[in-house]
Amino acid sequence: MAGVGAEKVGPSTNIDDDDTDNVLPGFKDVNSFSKKALQAAMLATKSSNGLPSVGDDFDYYSSFESFRQLMHIEGERILQIIQQIMRYHGAKGNLSTSSEAVELDDKFDVLVDANDQVLEWVGTWLDEASGLKRDKPLIMATATPKAPVASWNRKDTNSDSASKRMPYRLLAARNIQRPQLKFKDKIDNSFPFVPKLKEKFNH
């Protein structure tokens, strides 16, 4: 256990000048970072598979007080690390002991929701990096109206009414702000759907 924290980078660690040009600190490109991340994920999976599985082995080891205390300490430590990662990425959810997610299944649901949020943001950022989606400012599309040519519809072009003519608004344009963005009750997809109706009318 003495060499577990040997690879931690502290504030006094020397950083090469070449790291300033890297996409990520310590990595020249995204591929090298992905390779390192996959290796770490494989080691974590291998370590988790080495733990006693639920059943006879786990029940046997749980009969020892020292094992139960160790599992409790390590479990709280893992939850804190996951909570820090979620907070860093801005994902909603609380895995602490004071949260409403008391049971293991509840904590797993919170983790799945947070993972979905992060993956959705990653997909959006990849689309923006690929040029498929760009955050453009809101543009109000307009079209100049054309008066029909008819003898009964002819007007003096020098009159004030022609100068005060308002352009039409193209409400179906792509960059028009959607009215649902101004709804009083905002749509929040970060939590499971909860129906407001307690009973079905006309059923």
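Every number here is computed from the coordinates shown, using simple stated rules; none is lab data. The structure displayed is predicted, hence computed values, not measured ones. Neighbour counts are summed over all protein chains in view; Cβ atoms, including those assigned to glycine, are modelled from backbone coordinates with ideal geometry.
Label-to-label distance for Lys35 and Gln84 is 2.8 nm, based on points extended 7 Å past Cα in the beta-carbon direction. Taking each of Lys107/Lys196; Lys46/Lys107; Lys92/Lys200; Lys107/Lys182; Lys35/Lys107 in turn, the alpha-carbon distance tops 27 angstrom for Lys92/Lys200; Lys107/Lys182; Lys35/Lys107. Distance between the C-alpha centres of segment 33-87 and segment 110-128: 24 Å, rounded to the whole angstrom. Please find the FRET efficiency linking Ser48 to Asp106, where r is the Cβ-Cβ separation and R0 is fixed at 25 Å, and quote it to the nearest 0.05. E between Ser48 and Asp106, to the nearest 0.05, is 0.80. Packing order of peptides 114-120, 31-37, highest average first: 114-120, 31-37 (average count of other Cβ atoms within 10 Å over each peptide's residues). Take the Cβ atoms of Asp188 and His72, set R0 to 45 Å, and the FRET efficiency comes out at 0.85.
Site pair Trp125 and Lys28 shows an inter-label distance of 2.3 nm when each label is modelled 7 Å from Cα along Cα→Cβ. Among Met42, Met86, sorting on how many other beta-carbon atoms sit within 10 Å of each Cβ, with the fewest leading, yields Met42, Met86.
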